[in-house]
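Reviewing the structure listed below.
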Amino acid sequence: MYTTQHIHEGFPMSRFLLSCFLLALLATTAHAQEKTKILLIGKDRDHPYGTHEYMTDCTLLATCLKQTPDIEPIVSNGWPKNADALKDVKAIVLYTRNGGNVLFDPFNKDIAEKLLKRGVGLTAIHWSTGAEGQLGEQWLDALGGWFSTKFSKLNTTTTKLKQVNPKHPICRGWEEYELRDEFYLELKFKEKATPIVQVELNQKTHTVAWTYERPDAKGRSFGCVLGHFHDNFGERRFRQMLVNGILWTAHREVPAMGAPVAIKAKDLELPPKK
């Protein structure tokens, strides 16, 4: 039996206590390094009040993400000017106008490409699934799907969201339901993009949420064309799908019952109209 007397005789108490302190410090540091940093990029409202509420809804998603242990979400209005926001980031979430043009803007392109090659996760919500101009094909390679006003269509209606593969981690904790949204239709997809959610409109099946495992660096991408109306973020099943998807891109295990996404009424409050 190892007693205090043995410690005194073979190992001075002061050195023993110092060793314990250093071990505890190392354990704390290791735990801190396990944090999964997720950057959510929004922007100021560019549509009528109650739609495209990018910053409010990015903050709401961050509130949900914090409920999963060791997740560190950061919300930025536009591409972060402080490089520290991108340090050790594990996933990027875009909820803004034409995400492809934001990610591959000439000022951001080099760092963005390095992040993607490193395997950083990528999520694009609603208009962020879009890209215009010459960046479209590069955006398609990054996200696996591409919305463009040149070849896609819009349909604002209420319809049922159908899970293509209910066993996929993104589908955990929520069931099929009806949602009113502005649906983007007729997107372009990479051959290996995997449909996650589909809708039936105009007697045709449309993919409105998908995953794509990028072949270059084991990076995961998740695209979802939904999210036009701010009120939809008040729907638990909608939040659960998005948060599950974000965690999946960050290579985090999604709980069997889905990620926790509890919110309060105050989280849905919008800033005043300008």
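The values are calculated or read from the model by the stated rules, or taken from the named source; none is laboratory data. In this text, all values refer to a predicted model and were calculated from it rather than measured experimentally. Reconstructed Cβ throughout: ideal geometry from the backbone, glycine too, with neighbour counts over all protein chains shown. Heavy atoms of the whole protein, side chains included, go into the accessibility calculation; ligands, DNA and RNA do not. Shrake-Rupley method; radii C 1.70, N 1.55, O 1.52, S 1.80 Å.
Some observations on this one:
- CD proxy at 222 nm, helix term only [per DSSP H run n ≥ 4: -39500 (n - 2.57); per residue of the chain; nearest 500]: -8500 deg cm²/dmol
- Probe 1.4 Å - accessible area at E34, Å² to nearest ten: 110 Å²
- Gain on full stretching of the segment that runs from H47 to D110 - 0.36 nm per residue minus C-alpha separation: 19.7 nm
- Accessible surface ranking for M55, M241, 1.4 angstrom probe, highest first: M55, M241.
- Degrees between helix 13-33 axis and first principal axis of the chain (Cα, 0 to 90, nearest 10): 10 degrees
- Computed from Cα atoms, the angle from the helix 236-249 axis to the main principal axis of the chain rounds to 60 degrees.
- Theoretical gain in end-to-end length, L154 to E176 [0.36 nm per residue, Cα-Cα removed]: 5.8 nm
- Taking Lys and Arg as +1 and Asp and Glu as -1, the other residues whose beta-carbon sits under 10 Å from that of I263 total +3.
- Here the Kirkwood formula puts the hydrodynamic radius of the range 170-250 at 13.6 Å, using every distinct Cα pair.
- Area of R180 that stays accessible when all protein chains are in place (1.4 Å probe, Å², to 10): 130 Å²
- With Cα atoms, 0 to 90° folded angle of helix 54-65 axis to the chain main axis: 40 degrees
- Accessible area ranking (1.4 Å probe, heavy atoms, ligands and nucleic acids excluded), largest first, for Y49, Y95: Y49, Y95.
- Gyration tensor verdict on the range 33-140 (Cα atoms; rounded if a/c is under 1.5, prolate if a/b is larger than b/c, oblate otherwise): oblate
- Compactness index (Cα Rg / 2.2 N^0.38 Å), the chain: 1.18
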